[in-house]
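These notes concern the structure reproduced below.
Read-outs: derived from the displayed coordinates by stated rules, not from any lab. What you see is a predicted model, and the numbers here were worked out from it, not measured in a lab. Neighbour counts are summed over all protein chains in view; Cβ atoms, including those assigned to glycine, are modelled from backbone coordinates with ideal geometry.
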Amino acid sequence: MLQGMPRADSHAARLDAFYGPQAAHYDRFRERLLHGRAELIGSLRLPPDAHVIEFGAGTGNNLRYFGASARDFRRVELVDLCAPLLDIARSRYAGLPHVHAVHADATRYRPTQAADCVLFAYSLSMIPDWRAALVNALACLRPGGTLAVVDFHIAPPHPAPGFSRHDWLTRQFWPRWFAHDGVHLRPQLLPTLCAAVPLHEKVESRGPVPGLPGLSVPWFRFSGVRA
Ligand SMILES: C[S@@+](CC[C@H](N)C(=O)[O-])C[C@H]1O[C@@H](n2cnc3c(N)ncnc32)[C@H](O)[C@@H]1O
């Protein structure tokens, strides 16, 4: 990660070059950095035969947070633009024919049937056109389906009532720190999710960052029901 996001012609090529060398160790390092994934997924109430899509699924590690119930899901689509991470997902779930690792862009991929749940775990912050990915995700969901998002967070300078406020240093430091790795903390993300899916729950929190003792990065988790 210290080298940052490499320059390349396309977003997919940048992701391959960035994650390729660290793919084998990806899950171990991110375990201590990507907070709230288990809590978010553990809080979801899905039908036993759910159809779940994760956009930006990487190695597919998050499927284990669904526990044994994931074996009964009707279909799971792990969608990612990064081939080296998807290769790990593909071999990890080779024995589960209902789990599909799909090389595709989250802004465009459409399933053949509407899904019960669409999940973004620390992926919207890496997707350049995150608004297009959000619009696409809502189009992939059936009415009554669940949109679940967990990601790093940064508050706007003047947050609306009900949202956390971050001090000036927090708002300056974390977006710059993460931009080096192609991770973009966007003040508009959480308010946009809340406005797009009015029936929702959200939690805002902070968590430690490996290698930066004493500092904590803001993150949020969100789940909402599509009208
Ligand atoms: C920080 S990783 C998170 C991976 C996984 N969700 C997790 O919790 O470990 C962000 C992921 O988003 C993927 N990604 C970035 N842009 C994407 C896009 N436009 N379409 C699909 N996946 C994308 C990256 O390749 C990477 O696997």
What about PRO6, is it over 22 Å from ALA132 (Cβ atoms), surrounded by fewer than 18 Cβ atoms within 10 Å (Cβ to Cβ), more than 11 Å from the ligand (Cβ to nearest atom) and touching a residue at least 24 places away in the same chain (Cβ under 8 Å)?
no
Report yes if some residue within the stretch 154-168 is closer than 30 Å to ARG110 by Cα, out of contact with any Ser or Thr (no Cβ under 8 Å at 6 or more places or on another chain) and not in a helix (DSSP H, G or I); otherwise report no.
no
Inside the stretch 64-81, can you point out the residues that are within 15 Å of the ligand (Cβ to nearest atom), more than 19 Å from ALA114 (Cα to Cα) and either hydrophobic (A, V, I, L, M, F, W, C) or in contact with a helix residue (DSSP H, G or I) (Cβ under 7 Å, 6 or more places away or on another chain) (or both)?
TYR65, PHE66, LEU81
Taking GLY162 as meeting all but one of (1) under 18 Å from SER223 (Cα atoms); (2) surrounded by 17 or more Cβ atoms within 10 Å (Cβ to Cβ), write down the number of the exception.
(2)
Looking at VAL102, VAL150, VAL118, VAL135, can you tell me which residue is part of a helix (DSSP H, G or I) and β-branched (Val, Ile, Thr)?
VAL135
Listed by first then second residue, the pairs whose first member lies in the stretch 216-227 and is assigned to a strand (DSSP E or B), whose partner is crowded, with 21+ Cβ neighbours inside 10 Å and among the charged types (D, E, K, R), with beta carbons under 7 Å and at least 6 positions apart or on separate chains, are TRP219/ASP151; PHE220/ASP151
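Conditions tested, residue by residue: (1) closer than 16 Å to LEU190 by Cβ; (2) of a type in the set (Gly, Ala, Ser); (3) within 12 Å of the ligand (Cβ to nearest atom); (4) in contact with a strand residue (DSSP E or B) (Cβ under 9 Å, 6 or more places away or on another chain).
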| residue | (1), (2), (3), (4) |
| --- | --- |
| ALA114 | no, yes, no, yes |
| PHE120 | yes, no, yes, yes |
| SER123 | yes, yes, yes, yes |
| PRO128 | no, no, yes, no |
| ALA137 | yes, yes, yes, yes |
| CYS140 | no, no, no, yes |
| THR146 | no, no, no, yes |
| ASP151 | yes, no, yes, yes |
| PRO157 | yes, no, no, no |
Over the stretch 162-206, the set of residues more than 16 Å from the ligand (Cβ to nearest atom) and among the aromatic types (Phe, Trp, Tyr) is PHE163, TRP168, PHE173
Would you check if there is a residue in the stretch 201-219 being in contact with a Gly (Cβ under 9 Å, 6 or more places away or on another chain), of a type in the set (Lys, Arg) and crowded, with 20+ Cβ neighbours inside 10 Å?
no
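Hey, any hits in the stretch 105-112 for a residue that's of a type in the set (Ser, Thr, Tyr) and within 14 Å of the ligand (Cβ to nearest atom)? Can you show your working first?
Residues of the stretch 105-112 that are of a type in the set (Ser, Thr, Tyr), as a first pass: 107, 109, 112.
If we keep only those that are within 14 Å of the ligand (Cβ to nearest atom) as well, we get 107, 109.
Taking every residue of the stretch 105-112 in turn, at least one turns out to be of a type in the set (Ser, Thr, Tyr) and within 14 Å of the ligand (Cβ to nearest atom).
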Filtered residue count, the stretch 42-59, keeping only those that are in a loop (DSSP other than H, G, I, E, B) and within 14 Å of the ligand (Cβ to nearest atom)
4
Where the second residue is near the ligand (Cβ under 8 Å from one of its atoms) and among the hydroxyl-bearing types (Ser, Thr, Tyr) and the first is within 16 Å of PHE178 (Cα to Cα) and free of Cβ contacts under 8 Å to residues at least 12 places away in the same chain and lies in the stretch 120-134, which pairs have Cβ atoms under 9 Å and are six or more apart or on separate chains?
none
